[in-house]
There are 2 protein chains.
Amino acid sequence: MSAHYSEAVAGNGGMTPITDVDAYVTQLGQQASSAAAMMRRCTSASKNSALLAMARHLEESRASVLEANRQDLLRGREAGLDDALLDRLALDDARVDAMISGLEQVAGLPDPVGEIDGLRARPSGIQVGQMRVPLGVIGIIYESRPNVTLEAASLCLKSGNACILRGGSEARDSNAALALCIAAGLAEAGLPAAAVQVVATTDRAAVGRLIAMPEHVDVIIPRGGKSLIERITREARVPVIKHLDGVCHVYVDATADLDKALAIAVNAKTQRYGTCNTMETLLLDAPVAEVLLPRLAAAYAEHGVELRGCPRTQALLPSVVPAEEADWHAEYLAPVLAIRVVDGIDAAMDHIGHYGSHHTDAIVTEHYGLARRFLAEVDSSSVVVNASTRFADGVEYGLGAEIGISTDKLHARGPVGLEGLTTRKYVVMGDGHVRT
Amino acid sequence: MSAHYSEAVAGNGGMTPITDVDAYVTQLGQQASSAAAMMRRCTSASKNSALLAMARHLEESRASVLEANRQDLLRGREAGLDDALLDRLALDDARVDAMISGLEQVAGLPDPVGEIDGLRARPSGIQVGQMRVPLGVIGIIYESRPNVTLEAASLCLKSGNACILRGGSEARDSNAALALCIAAGLAEAGLPAAAVQVVATTDRAAVGRLIAMPEHVDVIIPRGGKSLIERITREARVPVIKHLDGVCHVYVDATADLDKALAIAVNAKTQRYGTCNTMETLLLDAPVAEVLLPRLAAAYAEHGVELRGCPRTQALLPSVVPAEEADWHAEYLAPVLAIRVVDGIDAAMDHIGHYGSHHTDAIVTEHYGLARRFLAEVDSSSVVVNASTRFADGVEYGLGAEIGISTDKLHARGPVGLEGLTTRKYVVMGDGHVRT
């Protein structure tokens, strides 16, 4: 595919049309590598002043950002985008305010870079520790929400990385306007322009090139629907930190406090339907099912949640729709809940291991030993006792901000904050020491 | 390719010939997944007793292990394997002793699993921390050295993982004999047989299948030559923890203590030639080159090290062979050293960034600010001040043992010990807490 309209080249301030997408993205990669080397020697103060300058430039450019967004929305409506997508795309004063305070908040977070852990003297006389350092160049591929542009830029910058941002084509004008604020902030703080580059073509070939440059890009973080992420994971020649899906469970054990169980089961399903940490399947230990199901059914009915149950659930609650095999695998992201009656914690953990997505799973129990077993044995990025799955979130966990939630096991697992955008290298200090 | 001799199926104790390699490896994967779930609930005591039982069974099977190895060596000599390969393949009493004490040593290491870091109360009232847990199923692909079979098995077991081990075809009889000791140790401690499975076919198709089962295998660790590792990285559909190459540098700054510089430069090159942390290029700051080069040349001459230099090196040391571009990229693993005279730390770091492999790089300096810059800015898995690059090693760093040295940035960087074979999940503890 070739570029289908004339585009500005991000990072160089010019308006050169992009004709060779591969060469263009390769150049972004080279520039990012050089910028990453400069970012490694960058102080916290200059990173923070760039973030605050970006916030100021966004405030000053508020009108032009909103106007650019209006163009995106117009084009989106013409193209027949659905309401949910248009809502994610839309900016208003409140959302701009949120972007500005997000930048200020990241500026206020502690800088993870340079921290040295576990520095110890070894019998040989050398001292060895591990220093937290930036990953290098991070490529971020996302969809319609233009505020991701600033979230991603700010977290990558604060963690000392250079980044290449590839937003959705539907947000191209909004992202271009935000890129100007980012560039102005970098320039004001004396940071390299290529520390944050916004890909200035909507040609999909740009994504193909971006994920296949291990010589320039250290990691790719895709944010979007499952099909986008699966495609990127399959084709990437660079490590990917990914979030696939959230088929989250709450298991209510026979010893559970029923009031806590009810509160957690309702909150985990209904506090927000479209988030990855929303419960999708409720597992009830047989002894509690009989007493709890009627109370649950009443509470879910108030919220308009459709229930789909196993035969044992149906026996207790005849109004329930029969659950099919696909329901146990489903990430509904909607007011629908699958319910299954199981016999004890082993059956519950077997279900979670088989049907779950290793995202976030909770137990409600007053039994110490079962809580301990659930914590140790359930292989998910967040394992929860007596609290709602909805807490699985970078801000709730105290990370300050998050770039996403990883369902991978390697490197970063669960909510990924600044630390997940860094790595640790060994530092060795001696005084002429040699190995014998 | 199909199996070219009748083989025993590992883990099931039988002698079923393997006709369908894909189905066989898939079955190993399924068995490993089930074993991994059991390993997550396994105590330190039972893991340690399995390791000690393996050591005992190896002692008792010493004669049959050495006899199996003799068969491998015979076949290897017939096949015309070179002396270096035959040496890596060969076992003798001393090497069996080392394997036995290796097992005992891993049994004595602290168990990393279950450790919870940073458990804190959040404003919402929940407590959040990170628990160290096994990765799950680890596939290890290695070449001729049969002792890797026990090293890998013991480290994976101690870290609570199930593993699938694929050794080199030249070591097939030795590995089969060692697999019997492993199986006996697992059985004695009541651990699942599939916690350690040794692939019982030398068919290369087994590797292709092993690296393409993300549903059963969590990570692949290849240990071997660069071409093996590049092929696996290219074809794997599972995350890979890899060690590519070690083009390690020592930079001697103008302020260096010349005696320390000489000791470090000689040790880093000559203490062992074939290891990945051996220095391959020496960078000399121009002001020290004139005084240091003659002393270095004399010392290296004693060790029979061939020197290849840049034009400025040649001007000071006419006997030096001219270095070509390829020399700066070379991992010689031999008594050969490239030498370049540079102007200051920035030129040295540019050289390391351009030609290095991000493995281990050292500076020799008495200048505090330069030491600090080198530590912060050189993007390598180990960065060293005033000590030999040869220290970059799991045992020297205090990890107890290592499965390899990672040149990746994500997850594990540098020497990988037990901790690198684990991951951290979030644990959340509440008392009926819901999100508002």
(message) If you count only protein heavy atoms with a 1.4 Å probe, what accessible area per residue comes out for segment A:248-396, rounded to a whole Å²?
(response) 36
(request) Would you kindly calculate the mean projected area, averaged across all directions, of the convex hull enclosing the Cα atoms of segment A:69-221, in square nanometres? (result) 11.7
(message) Step by step: find N for chain B, compute 2.2 N^0.38 Å, then divide the Cα radius of gyration by it. What's the final number?
(response) 1.10
(message) If packing is taken as the average count of other Cβ atoms within 10 Å, what order do B:242-254, A:211-223 fall into, highest mean first?
(response) B:242-254, A:211-223
(request) Mind listing the lone cysteines of the protein assembly as shown, meaning no other Cys beta-carbon sits under 4.7 Å from theirs? (result) A:C42, A:C181, A:C248, A:C276, A:C310, B:C42, B:C181, B:C248, B:C276, B:C310
(request) Would you mind pulling out the separation of the Cα centroids of segment B:277-292 and segment B:322-356, in Å? (result) 10
(request) Quick one: with label points 7 Å out along Cα→Cβ, list the inter-copy distances for B:E290 in nm, shortest first? (result) 9.7
(request) Just tell me how shielded A:417-426 is by partners: mean number of partner chain Cβ atoms within 10 Å of each residue's Cβ, no decimals. (result) 4
(request) Could you sort B:199-206, B:304-311, B:49-56 so that the peptide with the highest average Cβ count within 10 Å comes first and the rest follow in order? (result) B:49-56, B:199-206, B:304-311
(request) Would you give the gap between the C-alpha center of segment A:361-397 and the C-alpha center of segment B:201-242, rounded to a whole Å? (result) 33
(request) Just the number, please: percent antiparallel of the DSSP beta bridges in the protein assembly as shown, rounded to the nearest 5. (result) 25
(message) Let me confirm one metric for peptide A:121-133, namely the mean number of other chain beta-carbon atoms within 10 Å of its residues' beta-carbons.
(response) 4
(message) Give me the three principal axis extents of segment A:38-79 from the C-alpha atoms, as integers in angstrom, largest value leading.
(response) 47, 21, 10
(request) Give me the net charge of A:L135's neighbourhood, meaning all other residues with Cβ under 12 Å from the Cβ of A:L135; Lys, Arg count +1, Asp, Glu -1. (result) +2
(request) Express the carbon and sulfur contribution to the solvent-accessible surface of the protein assembly as shown as a percent, rounded to the nearest whole number, probe 1.4 angstrom. (result) 52
(message) Below 23 Å, Cα to Cα, which lysines can B:K269 reach? Residues fewer than 8 away in the same chain don't count.
(response) A:K425, B:K226, B:K260
(request) Place a +1 charge on the Cβ of each Lys and Arg in segment B:248-391 and a -1 charge on the Cβ of each Asp and Glu, then give the dipole magnitude about the Cα centre in debye, rounded to the nearest 20. (result) 360
(message) Please enumerate, by chain and number, the lysines with C-alpha under 20 Å from the C-alpha of A:K47, excluding those fewer than 8 residues away in the same chain.
(response) A:K158
(request) Work from the charge dipole of chain B (Cβ charges, +1 for Lys and Arg, -1 for Asp and Glu, about the Cα centre) and give the residue of B:A171, B:L52, B:V336 farthest towards its positive end. (result) B:L52
(message) Tell me whether segment B:248-391 comes out rounded, prolate or oblate; compute the Cα gyration tensor, take square roots of the eigenvalues as a ≥ b ≥ c, and use a/c under 1.5 as the rounded threshold.
(response) rounded
(request) Report the accessible surface area buried between chains B and A, summing both sides, using a 1.4 Å probe on protein heavy atoms only, in Å² rounded to the nearest 100. (result) 5600
(request) Kindly provide the helix-only [θ] at 222 nm of the protein assembly as shown, computed as the sum of -39,500 (n - 2.57) over DSSP H runs of four or more divided by all residues, to the nearest 500 deg cm²/dmol? (result) -13000 deg cm²/dmol
(request) For A:E235, place a label point 7 Å out from Cα along the Cα→Cβ vector, do the same in each other copy, and report the separations in nm, one decimal, smallest first. (result) 2.3
(request) Classify segment B:381-436 as rounded, prolate or oblate from the Cα gyration tensor: take a ≥ b ≥ c as the square roots of its eigenvalues, call it rounded if a/c is under 1.5, otherwise prolate when a/b beats b/c and oblate if not. (result) prolate
(message) Quick check for me: using +1 on Lys/Arg Cβ and -1 on Asp/Glu Cβ, what's the dipole size of segment A:21-235 about its Cα centre, in debye to the nearest 20?
(response) 740
(request) Compute the accessible area of each residue in segment A:18-51 twice, once for its chain alone and once with every protein chain present, using a 1.4 Å probe on heavy atoms, and list those whose area falls by at least 50 Å². (result) A:R40, A:R41
(request) Assign one of three labels to the protein assembly as shown, namely rounded, prolate or oblate, based on the Cα gyration tensor with a ≥ b ≥ c the square roots of its eigenvalues; rounded applies when a/c is under 1.5, prolate when it is not and a/b is larger than b/c, and oblate otherwise. (result) oblate
(message) If each residue of separation counts as 0.36 nm, what is the full-extension length gain between B:A98 and B:Q71 once their alpha-carbon separation is subtracted?
(response) 7.6 nm
(message) What is the sum of charges, Lys and Arg at +1 and Asp and Glu at -1, for the other residues whose Cβ falls under 9 Å from the Cβ of B:L85?
(response) -4
(request) Give a quick list of GluC sites (Glu not before Pro) in segment A:128-197 that DSSP marks as loop, anything other than H, G, I, E or B, with at most 15 other Cβ atoms within 10 Å. (result) none
(request) Report the extension gain between B:V336 and B:R122 in nm, rounded to one decimal, defined as 0.36 nm multiplied by the number of residues separating them, less their alpha carbon distance. (result) 71.3 nm
(request) Take the rotation relating chain B to chain A, measure from its axis to every Cβ in chain B, and name the nearest residue with the distance in whole Å. (result) B:H411, 2
(message) Taking a point 7 Å out from Cα toward Cβ as the label site, list the nm distances between A:E325 and the same residue in every other copy, smallest first.
(response) 5.8
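The values are calculated or read from the model by the stated rules, or taken from the named source; none is laboratory data. Being a predicted model, the structure only gives us computed values, none of them experimental. Cβ coordinates were reconstructed from backbone atoms using ideal geometry, including for glycine residues, and neighbour counts include every protein chain displayed. In case anyone asks, the SASA skips ligands and DNA or RNA and just uses the protein heavy atoms, side chains included. Shrake-Rupley method; radii C 1.70, N 1.55, O 1.52, S 1.80 Å.
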